[in-house]
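Below you'll find the structure, written out as structure tokens, and then a few comments.
The values are calculated or read from the model by the stated rules, or taken from the named source; none is laboratory data. All of these numbers come straight from a predicted model, not from anything done at the bench. All Cβ positions, glycine included, derive from the backbone under ideal geometry; neighbour counts span all protein chains shown.
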């Protein structure tokens, strides 16, 4: 295998490995994208991501962190709402309401955080967009 084919094979393999890792830049249709096609554009995206990550920037996308944040917010807000709803029943009502609200809040917050849209850190996103712009592409957002 020639070095250029090996490089292309490695880049394609890396793109498959990183495809579900985080959000991808969405390219606006322009002459560059229409002329070279989506496969070449994906290769350019992978090259830019590797270049930016080689410079020390990371995407900063962590789905488990989103889920944990959602769970903490859910427990806090659910417990507060449950406690206030249980005030009618006195101390036992407040306790039961807080526990029920916190557990429901935990479940809702955990699920909500897990499915929160993933957006990379702004410095990382800007660096990738700049690299792609230098290559003739226009980034319209991240998905």
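Here are a few things to note about the model shown:
- Residue in region 61-69 that is touching a strand residue (DSSP E or B) at 6+ places or on another chain (Cβ under 9 Å) and either at pLDDT 90 or above or not in a helix (DSSP H, G or I) (or both) present: no
- Looking at 79, 74, 86, 97, just one residue is at pLDDT 70 or above, in a helix (DSSP H, G or I), touching a helix residue (DSSP H, G or I) at 6+ places or on another chain (Cβ under 6 Å) and not assigned by TED's automatic domain parsing to the domain that holds residue 126, and that residue is 97.
- From the list 132, 118, 111, the one residue that fits, being modelled with pLDDT under 65 and under 30 Å from residue 31 (Cβ atoms), is 118.
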